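Please treat every number below as a calculation from the coordinates, not as lab data. For clarity, every value in this text was computed on a predicted model and none was experimentally measured. Positions of Cβ are backbone-derived with ideal geometry, glycine not excepted, and every protein chain shown enters the neighbour counts.
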Amino acid sequence: ERKEIIRILTEFSDELRLCITDLLMAYDFLYQIDFIRAKALYAGKIKAGRPIFENRQNINWYDARHPLLEASLKAQRKSIVPLRIELKPEKRILIISGPNAGGKSVCLKTVGLLQYMLQCGLLVPLRETSETGIFTKLYIDIGDEQSLENDLSTYSSHLLNMKRLVEGADERTLFLIDECGSGTDPHVGGAIAEAIIEDLNEKKAFGVITTHYSNLKLLCDKPENHGTIFNGAMLFDLKAMKPLYVLATGKPGSSFAFEIAKQTGLPKQIIERAAAKTGSGLMDFERQLQQLEVDKRELQQREAQFNMADTLLAETFAKYERLNADIENRKAAILHKAKEEAKQILADANQKIEKTIADIRAANAQKEAANIAREQIKQDIEQLERDIKETKNQSKTPKPPKTAPDHINNVPIHFDPSPVREGDYVLLEGSRSFAQVVRVKRNRAEVAFGNKTVSLPLSEIKKVSEKSYRQYNEQKSRSSRSNNRSIMDEINSKRAVFKYQIDIRGQKAEQALTLVAKQIDEARLLGEGEFAVLHGKGDGILKSVIREYLKTCSDVTSFRPATLESGGEGITIVKLN
């Protein structure tokens, strides 16, 4: 039996040996197809796409998502907050600060993982209009790599990684460092970390760093860095006391150590003692700094809404102009027709009058009266003809508005007849909105409005010169500053006449509530935190109505009666949030 098995296998091998070349090629083809299919299935699972690739060092990502974190959150029925990040030769090194558990390390790991996936030939989970490049060297220092066998401490391991990074870094390098400088004395560790970052900046390397050290946050302000090092902050909602997981570039962030300590349940007396040692000035400064970033983000969202409303209003106005012109044309046509009919009526009347005059003449009537009647009819006909001629001039169809205006905000717009390409600025047909071309495919173009992209036919956009676009932006900035000044002037004038006490005595309940609501709105607009309502004592009806209303106002933090010396129960002091 064993000999028979060997004989069968030998004969089978002899037959296969003739096809060994084809079999090896088929095996190679099979594993390549299986690998490509596996990548495609995974790309579908994580909703990945193919971004715009450029053969240079560049990171300009929109809606980037960490695939493993997104899968974990999805299992918990939570949604991930996408990352917006940009690194370019003019701004190469991003230093991220902010609260613990605020998303700094997640941001770092997202950049590292997606860049590595991209360079391994995988599709990545970010918006397809994002721009990506290639780095020849990737250096990562995340987590604790201390080794008992090699006698390495946390900081020694960190310094060993920094040594390799500094020795190998160049302009095609991307490095990612978590908690740079930590693991030793903050003053020494911060100084060494600052020197390492400056050296990497001189070598024109690209990188993302997370830190809590103040000296690293101030690196971007040094003149020798020339703006290539810039700050980023993970935003924190002070009202809800929770991180927003949103990266905002341009300003450093606060660690919010005390706020997070309160959330974890650390005893109040320990937190108060630590705050006393730190000093209230630093805490207030960091809190205000972070709140400014949150407010700035809200203002940017409102500005985007106003811009959309402005665009819609311009389109509505253009539509109104067209409808109005059409109505005027119809009106002129109707008048013209009516006057033509009136002319015909007068002509018929003229024939009758001539016949009447002939009859009069035949009857030997006075010649002078007949001439006067004929002359009057002639004048009426001439006047009617002049009216008809004037109506014809008015009824000429006015020039329809141009599909694209040649002036916007008194700025001349020069159109470029050359073909539309990526990066060009265009004006939408029939509107006053500019956009930038992201991609051109056949007879359509993808254009970007801020963070939004839409696909439009090339026939609906007109290319404008870059000079016109810059002039329009400069004019828009000047107008915005002027509007801001006028708004501030108006607010200052209102603040000068603002009354901190309103008198509603003798008013009906409905009128009193209207006055109080108006006072709340004005106080919120002017940034006032408190005002008084004089309603008197009497039967207490007006007081009860006002206080019941104040309980329902979200802008009111609290209210109380005035002191006895100031009026007692006859006055209610209202405190706003």
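Residue by residue, segment 76-82 carries 3J(HN,Hα) couplings of 8, 6, 10, 10, 8, 9, x Hz when phi is fed to the Karplus relation 6.51 cos²θ - 1.76 cosθ + 1.60 (θ = phi - 60°); x denotes Gly or Pro. Close amide H contacts of residue 49 (hydrogens built in the peptide plane, cut-off under 5 Å, sequence separation of 5 or more or a different chain): 124, 126. For segment 169-246, GluC sites (Glu not before Pro) are listed when DSSP marks them as loop and at most 16 other Cβ atoms sit within 10 Å of their Cβ; the list is 171. Listed values for segment 29-36 are Karplus-derived 3J(HN,Hα) couplings in whole Hz (6.51 cos²θ - 1.76 cosθ + 1.60, θ = phi - 60°), namely 5, 4, 6, 5, 5, 5, 5, 5, and x replaces Gly and Pro.
Suppose the chain between residue 120 and residue 439 were pulled fully straight at 0.36 nm per residue; how much longer would it get relative to their current alpha carbon spacing?
Details: separation 319, 0.36 × 319 = 114.84 nm, distance 2.46 nm.
Net length gain for the segment: 112.4 nm.
Working from label points 7 Å from Cα in the Cα-to-Cβ sense, the residue 514 to residue 10 distance is 11.3 nm.
Once both labels are positioned 7 Å from their Cα atoms along Cα-to-Cβ, the gap between residue 68 and residue 272 label points is 4.4 nm.
Considering only Cα-Cα distances, which of the following residue pairs are longer than 20 Å: 104/251; 137/217; 104/222; 494/518; 494/551? Violating the 20 Å Cα-Cα cut-off are 137/217; 104/222; 494/551. Over 18 Å apart at the Cα level, from the set 74/262; 88/203; 47/74, are 74/262.
Pull out the extension gain between residue 326 and residue 184, defined as 0.36 nm times the separation in residues minus the alpha carbon to alpha carbon distance; nm, one decimal. Show your work: numbers first, answer last.
On the way: separation 142, 0.36 × 142 = 51.12 nm, distance 7.85 nm.
Result: 43.3 nm gained on full extension.
For residue 501, nonlocal amide neighbours, meaning residues 5 or more places apart or on other chains whose placed amide H falls under 5 Å from its own, are 532.
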